[in-house]
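Trainee: This is the structure, below, for whatever I ask next.
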Amino acid sequence: MFMKQMDKDKQEKQAAFRWLLIPAGAFACAVILNLFVLICAIVPSESMESTIREGSLIVAFRLAYVNHEPDRGDVVLFRHEELGRSLLVKRIIGLPGETFEIREGCIYINGEKAPFEEAYAVGEMTDDFGPLVIPADQFIVLGDNRSASHDSRYWQQPFVERQEIEAKAEWILWPLPRKIR
């Protein structure tokens, strides 16, 4: 009788332990995903409107640049040394090795008017910027809402270094779920 009670107690403890493993495992998976695979962030300003509205919840993929480099048009999350520890969201416009300039509100790359369509850009750029030669492993980033974005044009060190880029923004989860273009 005593042995049966001990076996029953042991089985109950094992069952309770198994039930604790489920939430512990889910928590461990969430931490690993957040540290190594995904970033969820709330966009605090209107600098990326109309692509990403102020207050939107976005998901960014940390592994996006494992096999290739960031490209023009990518929306990235990064931390810039000059701006503290805040996570920023901007679009890559200038690539390493290019000469970048803004003149009379137009972007010029290597002396030529930008050969790419910027259907996402809103707001007017009124100040001239550059020309600057973008160093290796560094990028020029601008907000899509050009008249309301504090971006490369205004920083003392205007370049975002490759190692400062933490992820590529992929999805808006809230308020309306959709892929970021």
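The values are calculated or read from the model by the stated rules, or taken from the named source; none is laboratory data. Note that this is a predicted model, so its numbers are computed, not measured. Glycine gets a Cβ as well: all are built from the backbone with ideal geometry, and neighbour counts include every protein chain shown. Please note that ligands, DNA and RNA were not included when accessible areas were found on the heavy atoms of the full protein model with its side chains. Shrake-Rupley method; radii C 1.70, N 1.55, O 1.52, S 1.80 Å.
Trainee: List pairs: first in region 153-173 and closer than 24 Å to F129 by Cβ and of a type in the set (A, V, I, L, M, F, W, C), second open to solvent by 70 Å² or more (accessible area, probe 1.4 Å) and modelled with pLDDT under 95, Cβ under 7 Å, 6+ apart or cross-chain?
Mentor: Correct list of pairs: W155/E82.
Trainee: Something else about it: Tell me yes or no: at least one residue of region 41-63 is within 12 Å of the chain's Cα centre (by Cα) and closer than 20 Å to Y154 by Cα.
Mentor: yes
Trainee: So, one more: What tally of residues in region 65-78 results from selecting those that are exposed (fewer than 15 other Cβ atoms within 10 Å of the Cβ) and farther than 17 Å from A136 by Cα?
Mentor: 3
Trainee: Any residue at all in region 156-163 that's part of a loop (DSSP other than H, G, I, E, B), hydrophobic (A, V, I, L, M, F, W, C) and at pLDDT below 90?
Mentor: No: region 156-163 contains no residue that is part of a loop (DSSP other than H, G, I, E, B), hydrophobic (A, V, I, L, M, F, W, C) and at pLDDT below 90.
Trainee: While we're on this one: Please go through region 13-67 and pick out each residue that is out of contact with any Phe, Trp or Tyr (no Cβ under 7 Å at 6 or more places or on another chain), of a type in the set (D, E, K, R) and part of a loop (DSSP other than H, G, I, E, B).
Mentor: Once the filter is applied, which keeps residues that are out of contact with any Phe, Trp or Tyr (no Cβ under 7 Å at 6 or more places or on another chain), of a type in the set (D, E, K, R) and part of a loop (DSSP other than H, G, I, E, B), region 13-67 yields E46, E49, R53, E54.
Trainee: Looking at (1) open to solvent by 80 Å² or more (accessible area, probe 1.4 Å); (2) farther than 15 Å from A167 by Cα; (3) touching a helix residue (DSSP H, G or I) at 6+ places or on another chain (Cβ under 9 Å), which one does F17 not meet, given that it meets all the others?
Mentor: (3)
Trainee: For residues that are in contact (Cβ under 8 Å) with a residue 24 or more places away in the chain and among the small types (G, A, S), scanning just region 84-141, find the one that is nearest to V59 (Cα to Cα).
Mentor: Restricting to residues being in contact (Cβ under 8 Å) with a residue 24 or more places away in the chain and among the small types (G, A, S), the top hit is A121.
Trainee: Select, from G143, G111, G97, G84, the only residue that is surrounded by 17 or more Cβ atoms within 10 Å (Cβ to Cβ) and either under 29 Å from V37 (Cβ atoms) or touching a Pro at 6+ places or on another chain (Cβ under 9 Å) (or both).
Mentor: Unique residue meeting the criteria: G143.
Trainee: Considering only region 123-131, I want to know if a residue exists there that is touching an Asp or Glu at 6+ places or on another chain (Cβ under 6 Å) and modelled with pLDDT of 95 or more.
Mentor: Yes: region 123-131 contains one or more residues that are touching an Asp or Glu at 6+ places or on another chain (Cβ under 6 Å) and modelled with pLDDT of 95 or more.
Trainee: Now for a separate question. Return the only residue of I52, I42 being open to solvent by less than 100 Å² (accessible area, probe 1.4 Å), of a type in the set (A, V, I, L, M) and at pLDDT 75 or above.
Mentor: Of the residues listed, the single one that is open to solvent by less than 100 Å² (accessible area, probe 1.4 Å), of a type in the set (A, V, I, L, M) and at pLDDT 75 or above is I52.
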